[in-house]
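Heads up, the thing below is written out as structure tokens.
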Amino acid sequence: MNESIEYRNLKLSDYDEIVRVWDEAGLGHKPKGRDNRDRMTVEISRAPDLFIGAFVMDKLIGTVIGSFDGRRG
């Protein structure tokens, strides 16, 4: 079966899936630091076009997140 990848801007409702992808990739996250839900709310509302997700059949499989702090890429 040939499944296509769809791309869309991430939303705060994707937060749990974002964390899952990061954990599965061995990247981890800092729930008490800059990766927490409150901080992500601010970042997404400030620059929603910098948060992009890759989905296969509505399952998040990858993220691209741009930021000014140099940590995400």
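The values are calculated or read from the model by the stated rules, or taken from the named source; none is laboratory data. Not measured: the values here are computed from a predicted model. Side chains included, ligands, DNA and RNA excluded: accessible areas come from the protein's heavy atoms. Shrake-Rupley method; radii C 1.70, N 1.55, O 1.52, S 1.80 Å.
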- Return yes or no: is Gly66 at positive phi and modelled with pLDDT under 85? no
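If you scan the range 1-57, which residues turn out to be in a strand (DSSP E or B), aliphatic (A, V, I, L, M) and open to solvent by 30 Å² or more (accessible area, probe 1.4 Å)? First the steps, then the outcome.
As a first pass, look at the range 1-57 and keep what is in a strand (DSSP E or B): 6-9, 51-56.
Filter again for aliphatic (A, V, I, L, M), leaving 52, 54, 56.
Scanning the range 1-57 gives a single hit, Ile52.
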